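A short write-up of the structure that comes next.
The values are calculated or read from the model by the stated rules, or taken from the named source; none is laboratory data. Computed from a predicted structure; not experimentally measured. In this analysis, Cβ positions are derived from the backbone assuming ideal geometry, glycine residues included, and neighbour counts consider all displayed protein chains.
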Amino acid sequence: MTTSATQTTDGVAANPLRKGLSVNRIPDACNIVFFGASGDLMKRMLMPALWNLRLADILPANYGIVGFSRSAFSDDEFRAAMKESIDQFSRTGPAKEPLWSDFAKHISYVSGDFDDVNCFHKLREALEQNDKELGTGGNRLFYLSTPPSVFTSIVDQLDKSGLGPRDNKTGWSRVLIEKPFGTDLDSARALQAEVSKVFEEKQVYRIDHYLGKEPVQDIMALRFANVIFEPVWNRRYVDSVQITAAETVGVERRGGYYDNAGALRDMIQNHVMNLLALVAMEPPVASDADSIRDEKFKVLRAVRAIDRTRVTLDTARGQYDEGAIAGQPVPGYRQEPDVRPDSNTETYAAVKVLIDNWRWADVPFYLRSGKRLAHKTSEIAIRFKSLPHRLFGEAGDALDNNVLVMKIQPEEGISLRFNAKVPGPRMHIRSVSMDFNYGTGFGVLSAPAYERLIGDAMRGDATLFTRWDAVETAWEIVMPILDRWQNAIDESFPNYSAGSQGPPSADRLLAMDGREWRRI
Amino acid sequence: MNVESSTVSSSLDAIRAQLAHTRLSTSTFNLVVWIDDPARRDWILERAGMLSEKYPSFTLILDHTGARSGDATVTTAAQDAESIFSVRGERVDIDVAGADAATVAAYVNELCGPGVPTILWWSGMREESRPIFEALLPQVQTLLFDSSGGARDEEAMRKLVAFHKVHPEVELRDLAWMRLRPWQDMIANFFDDPALIGELFSIRRIHIESGSDSEAFYLASWLASRLGWAPTGHDAFTDRKGGRIAFERKRIGDIRRVQSICLDSETSWYHGEVTDDPGVVRVWVEGEHAREPRLFPLQAIDNASLLERAVLETGADDVFETALRFAGALLE
């Protein structure tokens, strides 16, 4: 029985009524400021996520939502645009009255340049007004959903205008930064240097929206909430691991950005490295943010550096040519808008990684990501070793290796492949699959990642955000590859057709080890 | 989803033979539903149907209303039209109007699948059904009840309190309690502001208006259990310092629904009141900590959602059980 207010781990008095409720701690009253508020991410993801947090009663009673971007909007125009985005993209359908009008009262807008300190003074006035009128208590979450090129400028102006944490005497200040965090190791370190001048590490929330997906969080549950997997989760039983993030889409309207990024920067350095860390890490000592992030960091530190001379042996790159997706013809990468006609940017990257620790020594982790591939698939496949001795099976029966697949998208679930006897008088063995699907298993759909991540950042829970040491180490891992790829034109580009399994060089990468990719 | 129903005799052999045509590919629970009130039969069947269609599960409807004619229906729902082995759900509806306790217990014992929890949704209120209830209890892990399902008064809650005293080992779920979650969220929301947490310990009066009594007793008892109050009589609690907290309730509005709540502290009045839209509550504070009115969305409280929560949330609910004990003390 609770008889008095207790304290949470961060020293805040805990509400004794919250025990047993759906949310055991509602975020503090706060303002959320969205830089880049007129952008596509805000429209498609962020505002619908906020609305659904409101419907789920996860927003605090006192909150303010402030949009900031260059576009000229009045408060009412911005609210109307946000309602339109909710109506169009919210998973719970259009915003309805009377809740919408109540929600809209909390939304306001500041128009300005990201490098103009006067505009940030205007923002400060707006936030102080919200503190008075909406009771937001001086707490501020700054969400940088802008192109990375202006991250530094925004952080700098926040500091100069007195919006940084040092000048916030009444509440907390946090900054939420969209990926990519830097475009290479040097730029990431430079960005970190600027960010850390203003914000302490515990105030920085680096988003990798993959981490907000239920199946990604389920990787830890599968490993550490079951007794049957962990004993075989090591070099004695695991033959290899394949991590795949395949897309059918091309660069769409992001040609200008993507042509300077490529698959290695866009996917492998962040999303795929996070998956690698989750699947390979040791059990954390506790479930708090730093215990988990400590273990993830240790894995990345143990990744064997890819020697520049081995880049060609341990990696493969590709660029899509024209082809067909779902029967529809699509253009090649070099024909996409805003892409250089002689671009050397990879739209497909595959990397073989070794982890030098006791658990994973000599077990190859094959990472791949690409655009315009045959299917949209994100998954982690653990392939177990072959049987030490073949006892069953007729001649010609293939005794496949056991494979455990964690499906992240579009399917969400787990699949285990094992061998079973075919009914009949003879001992025929065939590989069968046992599937668990989140949708049918629990009868509920996963909430979008952004809902989880925004709610966590407001609460101050950094578990699903990437810490600087992990970001830096992930850059260190990919830098030799980036350097090599940037300095060596791949004359074979374009080297795979849209709608295919990827470039032949990727197949050769595994063939050298006597293995092959799972079909996408 | 491909659904196929067959009517067979109520004999266990006939039902088993029909079920043997298929196998559940995945099963998450067995849901046993007892119905003995003809007036609520359709309502309960609809909710049970929604649940069994959504989850890979086995549902056994024990129909004691006399609306069936001595037969059983076996329904299987396949995951896709192509498959004959991959079955998403199975459901058996049996006429048990003339069956004795041993026969009904045999249905449950023989037909429910092993290895997954068995949940009994007991919608009965008739005293003559008690032997069957007692016979089924040893076979279930979770008992699902609705103390405000069929009546506005406190009688069903008294029965539940008495049952819990005798069978503390049974995991209880009361839909009347679960329906209150959005109201609990709303009340908690008043005091999430650290500056207002102290207010919780100076509450002097609770006034609740609801369509049936269970809601009022549960909400007040929940607050008491969280804040260290002790029930004193039918209409009051005492806090740790010996202060009296008056408990007032008024039966008004639709059954199973809360209309309003007011908490009076020594300095402020905390109000929540359903608006014209039954899914939205207007909340405001008067007095020293006055707050402007704002709207609070009541999350889904439809019975299908409550049933889902009841089957997904496993284990004893100590917050609920404490509140139930306190409600029992108020009812004495």
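Which is of a type outside the set (Lys, Arg) and surrounded by fewer than 21 Cβ atoms within 10 Å (Cβ to Cβ), of B:72, B:67, B:48?
Details: B:72 fails: surrounded by fewer than 21 Cβ atoms within 10 Å (Cβ to Cβ); B:48 fails: surrounded by fewer than 21 Cβ atoms within 10 Å (Cβ to Cβ).
When all the criteria are applied, what remains is B:67.
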Which number in (1) under 22 Å from residue A:19 (Cβ atoms); (2) free of Cβ contacts under 8 Å to residues at least 12 places away in the same chain; (3) within 11 Å of chain A (Cβ to nearest Cβ) marks the one condition that residue B:238 misses? (3)
Under 8 Å between Cβ atoms, which residue pairs at least 6 apart in sequence (or on different chains) link something in the stretch A:60-79 that is within 14 Å of another protein chain (Cβ to nearest Cβ) and part of a loop (DSSP other than H, G, I, E, B) with a partner that is surrounded by 15 or more Cβ atoms within 10 Å (Cβ to Cβ) and of a type in the set (Ser, Thr, Tyr)? A:62/A:136
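Across the stretch A:26-38, which residue is nearest to the other protein chains (Cβ to nearest Cβ) among those that are in a loop (DSSP other than H, G, I, E, B) and crowded, with 22+ Cβ neighbours inside 10 Å?
Ranking the qualifying residues of the stretch A:26-38, first place goes to A:26.
One line per residue, one yes/no per condition, for (1) at pLDDT 95 or above; (2) in contact with a Lys or Arg (Cβ under 6 Å, 6 or more places away or on another chain):
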| position | (1), (2) |
| --- | --- |
| A:337 | no, no |
| A:348 | yes, no |
| A:352 | yes, no |
| A:356 | yes, yes |
| A:359 | yes, no |
| A:364 | yes, yes |
| A:367 | yes, no |
| A:371 | yes, no |
Restricting the search to the stretch A:166-180, which residues are within 15 Å of residue A:201 (Cα to Cα) and buried (at least 19 other Cβ atoms within 10 Å of the Cβ)? A:173, A:174, A:175, A:176, A:177
In the stretch A:197-246, how many residues are crowded, with 19+ Cβ neighbours inside 10 Å, farther than 25 Å from residue A:377 by Cα, out of contact with any Phe, Trp or Tyr (no Cβ under 6 Å at 6 or more places or on another chain) and not aliphatic (A, V, I, L, M)? 2
So residue B:245, is it in contact with a helix residue (DSSP H, G or I) (Cβ under 9 Å, 6 or more places away or on another chain), farther than 19 Å from residue B:198 by Cα and surrounded by 18 or more Cβ atoms within 10 Å (Cβ to Cβ): no
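So which of A:305, A:245, A:277, A:286 is under 18 Å from the mean Cα position of the chain (by Cα) and not in a helix (DSSP H, G or I)? Talk me through it step by step, then tell me what you get.
Working: A:305 fails: under 18 Å from the mean Cα position of the chain (by Cα); A:277 fails: not in a helix (DSSP H, G or I); A:286 fails: under 18 Å from the mean Cα position of the chain (by Cα).
After ruling out the rest, the residue left standing is A:245.
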By my count, strands (runs of 3 or more DSSP E) wholly in the stretch A:358-431 with at least 2 residues that are on the phi < 0 side of the Ramachandran plot, among the aromatic types (Phe, Trp, Tyr) and surrounded by 13 or more Cβ atoms within 10 Å (Cβ to Cβ) are A:364-370
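Counting only residues that are facing chain A (nearest Cβ under 8 Å) and on the phi < 0 side of the Ramachandran plot, which one in the stretch B:223-235 is surrounded by the fewest Cβ atoms within 10 Å (Cβ to Cβ)? Give the derivation first.
Going residue by residue through the stretch B:223-235, those that are facing chain A (nearest Cβ under 8 Å) are B:223, B:225-228.
Remaining after also requiring on the phi < 0 side of the Ramachandran plot: B:223, B:225-227.
Numbers: B:223: 25, B:225: 25, B:226: 24, B:227: 21.
Looking at the filtered set, the residue picked out is B:227.
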Restricting attention to the stretch B:182-201, which residues are at the interface with another protein chain (Cβ under 9 Å from one of its Cβ atoms) and touching a strand residue (DSSP E or B) at 6+ places or on another chain (Cβ under 6 Å)? B:186, B:190, B:194, B:197
Any chance the stretch B:202-213 includes a residue that's part of a loop (DSSP other than H, G, I, E, B), within 14 Å of chain A (Cβ to nearest Cβ), crowded, with 21+ Cβ neighbours inside 10 Å and modelled with pLDDT under 95? yes
Here are the criteria: (1) under 30 Å from residue A:156 (Cα atoms); (2) away from chain B (no Cβ under 14 Å); (3) of a type in the set (D, E, K, R). Tell me which single one residue A:87 does not satisfy. (1)
Where residue A:142 falls short, out of the listed (1) touching a helix residue (DSSP H, G or I) at 6+ places or on another chain (Cβ under 6 Å); (2) not in a helix (DSSP H, G or I): (1)
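Being more than 22 Å from the chain's Cα centre (by Cα) and in a loop (DSSP other than H, G, I, E, B) is the filter here; which residues of the stretch A:39-57 pass it? Walk me through how you get there before you give the answer.
First pass over the stretch A:39-57, keeping only residues more than 22 Å from the chain's Cα centre (by Cα): A:54-57.
Those that are more than 22 Å from the chain's Cα centre (by Cα) and in a loop (DSSP other than H, G, I, E, B): A:56, A:57.
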The one condition residue A:252 fails out of (1) of a type outside the set (S, T, N, Q); (2) at negative phi; (3) surrounded by fewer than 22 Cβ atoms within 10 Å (Cβ to Cβ) is (2)
Mind checking whether some residue in the stretch B:230-242 is of a type in the set (Ser, Thr, Tyr) and within 21 Å of residue B:324 (Cβ to Cβ)? yes
So which residues in the stretch A:197-229 are under 24 Å from residue A:182 (Cα atoms), in a helix (DSSP H, G or I) and among the β-branched types (Val, Ile, Thr), if there are any at all? A:198, A:216
Every pair of residues 6+ apart whose Cβ atoms lie under 9 Å, when the first sits in the stretch B:100-129 and is among the basic types (Lys, Arg) while the second is in a loop (DSSP other than H, G, I, E, B) and surrounded by 15 or more Cβ atoms within 10 Å (Cβ to Cβ): B:126/B:36; B:126/B:37; B:126/B:64
Determine if the stretch B:161-181 includes at least one residue that is within 14 Å of chain A (Cβ to nearest Cβ), free of Cβ contacts under 8 Å to residues at least 24 places away in the same chain and assigned to a helix (DSSP H, G or I). no
For strands (runs of 3 or more DSSP E) lying entirely in the stretch B:256-332, having 3 or more residues that are crowded, with 19+ Cβ neighbours inside 10 Å, within 14 Å of chain A (Cβ to nearest Cβ) and touching a residue at least 40 places away in the same chain (Cβ under 8 Å) picks out B:280-287
What number of residues within the stretch A:459-477 satisfy the criterion of being under 17 Å from the mean Cα position of the chain (by Cα) and part of a helix (DSSP H, G or I)? 8
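Which of the residues belonging to the stretch B:44-69 are among the aromatic types (Phe, Trp, Tyr) and free of Cβ contacts under 8 Å to residues at least 60 places away in the same chain?
Filtering the stretch B:44-69 down to residues among the aromatic types (Phe, Trp, Tyr) leaves B:55, B:58.
Residue satisfying the conditions is B:58 alone.
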For residue A:352, only one of the following conditions fails: (1) touching a Gly at 6+ places or on another chain (Cβ under 6 Å); (2) surrounded by 19 or more Cβ atoms within 10 Å (Cβ to Cβ). What is its number? (1)
Residue A:84 vs (1) in a helix (DSSP H, G or I); (2) buried (at least 16 other Cβ atoms within 10 Å of the Cβ): all pass except (2)
